[in-house]
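One structure is given here, and the rest of the page talks about it.
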Amino acid sequence: KNEVEQSPQNLTAQEGEFITINCSYSVGISALHWLQQHPGGGIVSLFMLSSGKKKHGRLIATINIQEKHSSLHITASHPRDSAVYICAVRVGNYGGATNKLIFGTGTLLAVQP
Amino acid sequence: KAGVTQTPRYLIKTRGQQVTLSCSPISGHRSVSWYQQTPGQGLQFLFEYFSETQRNKGNFPGRFSGRQFSNSRSEMNVSTLELGDSALYLCASRGTGLHEQYFGPGTRLTVT
């Protein structure tokens with residue numbers, strides 16, 4: 001079983017729909033990241049969370065530390081939101097030999113006009 | 001501030017050769033991490049350097065190595081290339097403390 005699980009793996013939505021991508025993890029973490037990757041492109045960091053909720057424009061990220069679960073929401077989705085969304089967790093003590101990011105397998109989102 | 005830069009962006013090598021990839025972090029960032037992304041395995045952590053020292057390493061064979069210079073620029077080297085080393089190699093930098101990472105555009109390596 002992967003330490004970081006994302007669902008769904010693939011998601012097709014119509015423009016304007018509300019979208020939710022989920023991430024569950026099974027290890028102790030110091031932070032959780034949501035990343036965006038466009039086809040052939042580099043990775044952009046959307047959010048870094050250690051508790052609660054963050055909002056940036058139409059994007060909202062939440063985390064429940066007790067349940068080891070995070071969600072990424074996109075309100076009023078647009079075709080330009082089409083990308084792979086990746087959840088990653090940071091494990092290990094800061095500066096320690098085991099400190100690293102562990103990645104989920106990603107969610108491929110396609111928003112149709 | 002300029003972002004993280006990686007050179008070259010694309011590279012084609014033959015099996016058995018070696019390759020060196022370069023990463024320049026955001027100015028002031030002392031931590032540089034390297035990642036491999038393949039369709040089969042997804043994103044995997046290779047290693048992290050901080051102040052010219054390798055701080056931690058992922059589960060990759062010894063053919064994968066790296067170093068960091070005093071100006072925080074980092075290089076990774078892969079010796080005796082295998083077909084399975086074909087991947088997008090990403091580096092990311094972050095500032096001191098629990099700060100978010102900033103990724104470079106990646107180097108796409110193709111081994112034939």
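The values are calculated or read from the model by the stated rules, or taken from the named source; none is laboratory data. Everything numeric here is computed off the predicted structure, so don't read it as measured data. Here Cβ is always computed from backbone atoms with ideal geometry, including for glycine, and neighbour counts include all displayed protein chains. We work out accessible area using only protein heavy atoms, side chains counted, and drop any ligands, DNA or RNA first. Shrake-Rupley method; radii C 1.70, N 1.55, O 1.52, S 1.80 Å.
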Worksheet item: Which of (1) surrounded by 15 or more Cβ atoms within 10 Å (Cβ to Cβ); (2) over 13 Å from the mean Cα position of the chain (by Cα); (3) in a strand (DSSP E or B) is the odd one out, the single condition B:S93 does not satisfy?
Response: (2)
Discussion item. Going through B:G66, B:G62, B:G84, B:G104 one at a time, which residue ends up being within 10 Å of chain A (Cβ to nearest Cβ) and of a type in the set (G, A, S)?
Written reply: B:G104
Worksheet item: Looking at B:S70, B:S33, which one is in contact with an Asp or Glu (Cβ under 9 Å, 6 or more places away or on another chain), farther than 30 Å from A:Q9 by Cα and of a type in the set (G, A, S)?
Response: B:S70
Practice prompt. Identify the single condition in (1) farther than 19 Å from B:G40 by Cα; (2) within 7 Å of chain B (Cβ to nearest Cβ) that A:E67 does not satisfy, given that it satisfies every other one.
Written response: (2)
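Condition test on A:R90, is it touching a residue at least 60 places away in the same chain (Cβ under 8 Å) and among the basic types (K, R)?
In short, yes.
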Worksheet item: Across segment B:1-31, what is the number of residues that are outside any strand (DSSP E or B) and either open to solvent by 40 Å² or more (accessible area, probe 1.4 Å) or farther than 21 Å from A:I86 by Cα (or both)?
Response: 16
Response to the item:
Checked segment A:1-34 for anything under 16 Å from B:L43 (Cα atoms), touching a residue at least 60 places away in the same chain (Cβ under 8 Å) and under 11 Å from the mean Cα position of the chain (by Cα); matches are A:V4, A:E5, A:Q6, A:C23, A:H33
Discussion item. Considering only residues that are in a strand (DSSP E or B), away from every other protein chain (no Cβ under 12 Å) and either within 21 Å of B:Y35 (Cβ to Cβ) or open to solvent by 60 Å² or more (accessible area, probe 1.4 Å) (or both), which ones fall in segment A:6-52?
Written reply: A:N10, A:T12, A:Q14, A:I21, A:C23, A:Y25
Item to complete: Could you list, in sequence order, all residues of segment B:32-45 that are more than 9 Å from chain A (Cβ to nearest Cβ), in contact (Cβ under 8 Å) with a residue 40 or more places away in the chain and either within 9 Å of the chain's Cα centre (by Cα) or outside any strand (DSSP E or B) (or both)?
Response: B:V32, B:W34, B:Q36
Fill in: Residues within segment B:43-65 that are open to solvent by less than 40 Å² (accessible area, probe 1.4 Å), farther than 14 Å from A:K100 by Cβ and of a type in the set (G, A, S), tallied
0
Worksheet item: Looking at segment A:79-113, which of the residues that are farther than 13 Å from A:V4 by Cβ, open to solvent by 60 Å² or more (accessible area, probe 1.4 Å) and part of a loop (DSSP other than H, G, I, E, B) is farthest from the other protein chains (Cβ to nearest Cβ)?
Response: A:P113
